[in-house]
Amino acid sequence: MMTSSRFARLFWLGFAVAALALAAVWAYRVGSLPSIDEQRAVVPVSTVWGMHACVIAILAGLGGIGLPLVRILGRRRCLTALALAVTGYLACGLAPGTTRIFFDEHIYAQIGQTIAHTGRAEAANYARVEYGQFEMYSPVVNKQPNGLPYLLSWVYRIAGVSDHNSHFLNRALVGLAAAGLYLALALVPWTLPAGAGLASALLFIFTPLVMWWGHTVAVEPTAAATTVLAFFAACVHARLRDPETAQGLPASGLLLAGATAFAVYFRPESLLVFPMVAAVLWSTDDRFIEDISAWGALALATALAAPNLVHLWSVRTENWGASDGRRFALDFIGKNLQSNGGYFIDARWFPLAGTVLAVAGALWLLGRNRTAGLALGTWFAFSWGTFIVFYAGGYYYGASSRYGVVSCAPVAVFMGIGLAAVYGVLRRRPVFFYGLAAGGLVNWVAAMHYVPTLSREAVEAQADVNFIAEIAPTLPGGAIVLTPDPCIWMLQGINASQIFTLDSMVHNHMRELANQYPGGVYLHWSFWHNAEPNMARESAQLIVETKAVELARVQSHAHKDALFRLDTPAAMARFGGPPPALPERDTDLDRMLAHARAEAAANPGPAAK
């Protein structure tokens, strides 16, 4: 067993407290800036560096305890974890790789593109993205945390920006989360029925909602995976504590700090990972409050999470889509509880067999290991219960079912414990056990009916995404597209801008805009034009005023998507503005030939004899 000296633990605590003090001073100074814009100006760099620090802490902590962990786990468990990671990745391939939250997923991906090129976590309202270069002209700070874009940026740095690479990330993380659950339950010093870890990991992978959302670029699968990483780190720290003194290792504390802080960067409510980690540490030894290394981990995790806390503070005035400004209220509990509680019993999103197993697991814990049950219950309560008081937290709307993914890991642990416990009781009655297993399998597979499907919203959104993917390669170099969703075009390597960003230039300096973008100025009639009447009205007026040329059109159900070229002769006559000055040294082929022909016509040479 690894041990550490008291001096090492005190040094670790002092380092962590010093880091927390510095982070607190920095956060206070940023939070005291007079305007929200000044506060937000700090966010693009600070959040990226905060996550860099988290990753370094995780890798350094793993490096310090890696060999002892491998010895504890053994070859069989390590290979099983690898197999689970591969299984999770492949299982998500049963669902179509699609866009279920139109615009949001592309914002995440485009911010990842920006981070990969500039190191700044910003979305682009207007940017030039040609020839592998990226020039930001109109940045904006997104209200959502930047954890998913940060991970995507590493994928893009290694493999390039593409739709396929974007969808790779969540599939891989589902597999890694399953492996993490398995290893965590193998390490945690809880009394559990044999096979609970493997059962939990497999049930997590094949939870229908996990597979359905695991092949998107939504943040919820990533948030679930990073919370599992924090759970794994807590289990590692608990396993490596000295059983006599209850003192943990500074190295495992470093891993715990990095993993806990990193999980905070994915969703606003991810801050609730802190009580989950505390509950796990308490459940394994009620002397955890005496653990100096754990206190150091808490201090450093808070310091590492400070950039995200500043980010959330800077967007505190956002209404997050709540029409009346109420984001959280007890009034929402009734309707949300009906759908979110119904998730477990109405068999729309989740198999009833899973609910039976989860209840069996909870009952087993109630009788055999109440502290572990309380820790897992805390995890479930925070990851599931938060959304019943959120105005848009109900699963009754298709896209909001993604919130259920956040709580799938603790539910899977309850199910895995329940399945292992039932097997332990009935293994000597194989006919009875396998009969129940067959019935449960039938129910489970039947509940997966929606996994290979698209929702209505996703069909229309994906039609627009497919339209862009087909038309983008046909546009000439130097083109720019005006669109409500420039993110999608930028991810295809096409210069793009929000319509409102270049509205003044379109209506007053069209000639100059066309000169800057000789490949053409285009308008994308998008998914949002079909959803927003005012936007559709304004764009239709612009199309008529410029006598824009329609280049392509598709239709999905009642939604129509199209691309128009705006820089027409009529647009130049009406909105052209003053002609751009000719360059001092003109070398354009057509202009040079025209000039030479004019000179030849004006000064004919001697007639041939």
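If I ask for residues that are exposed (fewer than 12 other Cβ atoms within 10 Å of the Cβ) and in a helix (DSSP H, G or I), which ones from the range 435-469 would you list?
Answer for the range 435-469, where residues must be exposed (fewer than 12 other Cβ atoms within 10 Å of the Cβ) and in a helix (DSSP H, G or I): Ala438, Gly439, Arg456.
Within the range 259-317, can you find the residues that are over 15 Å from Ala234 (Cα atoms), of a type in the set (S, T, N, Q) and part of a helix (DSSP H, G or I)?
Residues satisfying the conditions are Ser270, Thr302, Asn308, Ser314.
Only one of these is under 21 Å from Ala23 (Cα atoms) and surrounded by fewer than 16 Cβ atoms within 10 Å (Cβ to Cβ): Arg316, Arg326. Name it.
Values: Arg326 fails: under 21 Å from Ala23 (Cα atoms).
The conditions single out Arg316.
Which of the residues belonging to the range 221-261 are in contact with a Ser or Thr (Cβ under 6 Å, 6 or more places away or on another chain) and of a type outside the set (Gly, Ala, Ser)?
Val236, His237, Leu240, Leu249, Pro250
Conditions: (1) among the β-branched types (Val, Ile, Thr); (2) more than 25 Å from Val174 (Cβ to Cβ); (3) within 29 Å of the chain's Cα centre (by Cα). Thr3 meets all but one. Number of the miss?
So the condition that Thr3 fails would be (3).
Among the residues that make up the range 505-527, is at least one of them of a type in the set (Val, Ile, Thr), in contact with a Ser or Thr (Cβ under 7 Å, 6 or more places away or on another chain) and surrounded by 15 or more Cβ atoms within 10 Å (Cβ to Cβ)? Steps first, please.
Within the range 505-527, the subset of a type in the set (Val, Ile, Thr) is 506, 521.
So of that shortlist, the ones also in contact with a Ser or Thr (Cβ under 7 Å, 6 or more places away or on another chain) come out as none.
No - not one qualifying residue is present in the range 505-527.
For the range 235-292, give me each residue that is of a type in the set (Gly, Ala, Ser), under 30 Å from Ala392 (Cβ atoms) and surrounded by fewer than 24 Cβ atoms within 10 Å (Cβ to Cβ).
Step one: filter the range 235-292 for residues of a type in the set (Gly, Ala, Ser), giving 238, 246, 248, 251-253, 257-259, 261, 263, 270, 278-279, 283.
With under 30 Å from Ala392 (Cβ atoms) added as a condition, the list becomes 259, 261, 263, 270, 278-279.
Ala278, Ala279, listed by residue number.
Condition first: surrounded by fewer than 24 Cβ atoms within 10 Å (Cβ to Cβ) and among the polar types (S, T, N, Q). Now tell me which residues in the range 186-234 satisfy that.
The one that is surrounded by fewer than 24 Cβ atoms within 10 Å (Cβ to Cβ) and among the polar types (S, T, N, Q): Thr191.
Restricting the range 348-369 to residues that are closer than 23 Å to Pro221 by Cβ and out of contact with any helix residue (DSSP H, G or I) (no Cβ under 6 Å at 6 or more places or on another chain), which is surrounded by the most Cβ atoms within 10 Å (Cβ to Cβ)? Show your work before the answer.
Going through the range 348-369, the residues closer than 23 Å to Pro221 by Cβ turn out to be 348-351, 353-355, 357-358, 361.
Keeping just the survivors that are out of contact with any helix residue (DSSP H, G or I) (no Cβ under 6 Å at 6 or more places or on another chain) gives 348, 350, 355.
Values: Arg348: 15, Phe350: 24, Thr355: 19.
By that ranking, first place goes to Phe350.
Assess whether His529 counts as being touching a residue at least 40 places away in the same chain (Cβ under 8 Å), more than 17 Å from Glu545 (Cα to Cα) and within 34 Å of the chain's Cα centre (by Cα).
Values: touching a residue at least 40 places away in the same chain (Cβ under 8 Å): yes; more than 17 Å from Glu545 (Cα to Cα): yes; within 34 Å of the chain's Cα centre (by Cα): yes.
Yes, satisfied.
Being over 17 Å from Asn340 (Cα atoms) and surrounded by fewer than 18 Cβ atoms within 10 Å (Cβ to Cβ) is the filter here; which residues of the range 370-383 pass it?
Once the filter is applied, which keeps residues that are over 17 Å from Asn340 (Cα atoms) and surrounded by fewer than 18 Cβ atoms within 10 Å (Cβ to Cβ), the range 370-383 yields Arg370, Thr371, Leu374.
Under the condition of being part of a helix (DSSP H, G or I) and within 21 Å of Ile494 (Cα to Cα), which residue from the range 132-153 is farthest from the chain's Cα centre (by Cα)? If you could, list the steps in order and put the result at the bottom.
Here is the first cut: in the range 132-153, the ones part of a helix (DSSP H, G or I) are 132, 147-153.
Pick out the ones that are also within 21 Å of Ile494 (Cα to Cα) and you get 132, 149, 152-153.
Details: Gly132: 24, Pro149: 6, Leu152: 8, Ser153: 11 Å.
The residue in question is Gly132.
For (1) touching a Ser or Thr at 6+ places or on another chain (Cβ under 9 Å); (2) free of Cβ contacts under 8 Å to residues at least 12 places away in the same chain, each residue gets a yes or a no:
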{"site": "Val129", "(1), (2)": "no, no"}
{"site": "Ser138", "(1), (2)": "yes, no"}
{"site": "Arg157", "(1), (2)": "no, no"}
{"site": "Gly160", "(1), (2)": "no, yes"}
{"site": "His167", "(1), (2)": "yes, no"}
{"site": "Val174", "(1), (2)": "no, no"}
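Name the residues in the range 54-108 that are in a loop (DSSP other than H, G, I, E, B) and not small (Gly, Ala, Ser), would you?
As a first pass, look at the range 54-108 and keep what is in a loop (DSSP other than H, G, I, E, B): 93-103.
Answer for the range 54-108, where residues must be in a loop (DSSP other than H, G, I, E, B) and not small (Gly, Ala, Ser): Leu94, Pro96, Thr98, Thr99, Arg100, Ile101, Phe102, Phe103.
State the number of residues belonging to the range 536-552 that are surrounded by fewer than 19 Cβ atoms within 10 Å (Cβ to Cβ), in contact (Cβ under 8 Å) with a residue 24 or more places away in the chain and closer than 20 Å to Ile494 by Cβ.
Of the residues in the range 536-552, 2 are surrounded by fewer than 19 Cβ atoms within 10 Å (Cβ to Cβ), in contact (Cβ under 8 Å) with a residue 24 or more places away in the chain and closer than 20 Å to Ile494 by Cβ.
Give the residue, chosen from Leu20, Leu90, that is surrounded by 14 or more Cβ atoms within 10 Å (Cβ to Cβ) and over 30 Å from Tyr137 (Cα atoms). Step through it out loud before you land on a result.
Values: Leu90 fails: surrounded by 14 or more Cβ atoms within 10 Å (Cβ to Cβ).
So the residue among Leu20, Leu90 that is surrounded by 14 or more Cβ atoms within 10 Å (Cβ to Cβ) and over 30 Å from Tyr137 (Cα atoms) is Leu20.
Look at the range 311-346 and say how many of its residues are modelled with pLDDT of 90 or more and polar (S, T, N, Q).
1
List every residue pair whose Cβ atoms lie under 9 Å apart, where the two residues are 6 or more positions apart in sequence or sit on different chains, the first residue falls within the range 475-499 and is aromatic (Phe, Trp, Tyr), and the second residue, located anywhere, is part of a strand (DSSP E or B) and at pLDDT below 95.
Close Cβ pairs satisfying both conditions: none exist.
The values are calculated or read from the model by the stated rules, or taken from the named source; none is laboratory data. Just so we're clear, the structure is a prediction, and the values are computed from it rather than from any experiment. Because the Cβ atoms are built from the backbone with ideal geometry, glycine has one as well, and the counts that use them run over all protein chains shown.
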